[in-house]
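First up is the structure itself, then whatever we jot down about it.
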Amino acid sequence: MATYFLRRLLLLIPTFFGATILVFIILQLAPGGPLEQSIRQIQMGGMTGGEGASAGSSDLTSGGGAGLPEEAMEELKRFYGFDKPIIQRYLIWLGLWPREYETRNVEFTAGQAETKKNMGRGRWVTVKRTSAGFEIVNEDGTPNAEWLIRPLDSPDENIEKALVYKTKFSGILTGDLGTSYTYMQPVLNVMKPRFKISIFFGLSGFLISYMVCIPLGIAKALRHGSPFDLFSSVVVFIAYSIPGWALGAVLLILLGGGSFWD
């Protein structure tokens, strides 16, 4: 018995990763995502209505159609995390890989060794370019351990770019479901008002199903092979074959009021 339960618990791991990988792939491939919406909004702002309406999904993701600058396209991809390999994006989405946030762009012209950057709340740091890479220094000259920095690709050979950022583990395993780009607020805030009715119907369905199934199972076992057993089996199979959404729509029409019975 212990081996059986252990095997079942271990099966949760591949099941979890299989389900989350499937959901993640669907989210990545589904058209009309946040990246495409942002690109479309930018294109709509720079074009007439007829031209904007003709922009297709493939044009949006490739940066074509409205002539969106490549630099702006790269900035949008970096903002939504599409500049990283898909495996890394999946781990970030789960919360198993640190997520970049509070990013700042830094540029160095030819011969420039350092630049100052406002990090918010009146805090300034100095970003230095060294032979080993980049270094972030506080106003008092001490190394800054709060922010990280990495180089960025630059189309201009005379300008060197870098990204200053913080990292944190934030994903579905940490309870961070992200932001709803339809309602422009955290997903949990969108879900909370709907928990009450979902829990009510979930518990009601759970209780009703057991109140019906347990007595019905006992009665069928006591009358095995009888007409009652056969008839109830047919009814159960028919009920299971009806989709819940279809049955709910029919019951809503029949019992939800309105003029159907008038």
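May I ask you to evaluate 6.51 cos²θ - 1.76 cosθ + 1.60, the Karplus curve with θ = phi - 60°, for each residue of region 150-162 and list the ³J(HN,Hα) values in order in whole Hz, giving x for glycine and proline?
After applying 6.51 cos²θ - 1.76 cosθ + 1.60, I find 9, x, 10, 6, 10, x, 9, 5, 8, 10, 10, 10, 8 Hz.
State the number of lysine pairs found in the chain whose Cα atoms come within less than 17 Å, restricting to pairs 8 or more positions apart or on distinct chains.
Lysine pairs, 8 or more places apart or on different chains, close enough: 9.
DSSP H helices in the chain with Cα extent of 20 Å or more along the helix axis and mean Kyte-Doolittle hydropathy at least 1.6?
Working: long enough: 2-29 (41 Å, 1.77); 187-222 (50 Å, 1.32); 227-241 (21 Å, 1.49).
Taking the DSSP H segments of the chain (at least 20 Å long, mean hydropathy at least 1.6), we get 2-29.
Over all alpha-carbon pairs in the chain, figure out the percentage whose distance exceeds 28 Å. Spell out each step's value before the answer.
Values: 21485 of 34191 pairs.
Across the chain, Cα pairs with separations above 28 Å total 63 percent.
Among residues other than Gly81 whose Cβ falls under 10 Å from its Cβ, what is the net charge (Lys/Arg +1, Asp/Glu -1)?
Details: positive: Lys77, Arg78, Lys84, Arg89, Arg99; negative: Asp83, Glu100.
Cβ neighbours under 10 Å give a net charge of +3.
No lab work stands behind these numbers, since they all come straight from the coordinates. Remember, it's a predicted structure, so these values are computed and weren't measured experimentally. Neighbour counts are summed over all protein chains in view; Cβ atoms, including those assigned to glycine, are modelled from backbone coordinates with ideal geometry.
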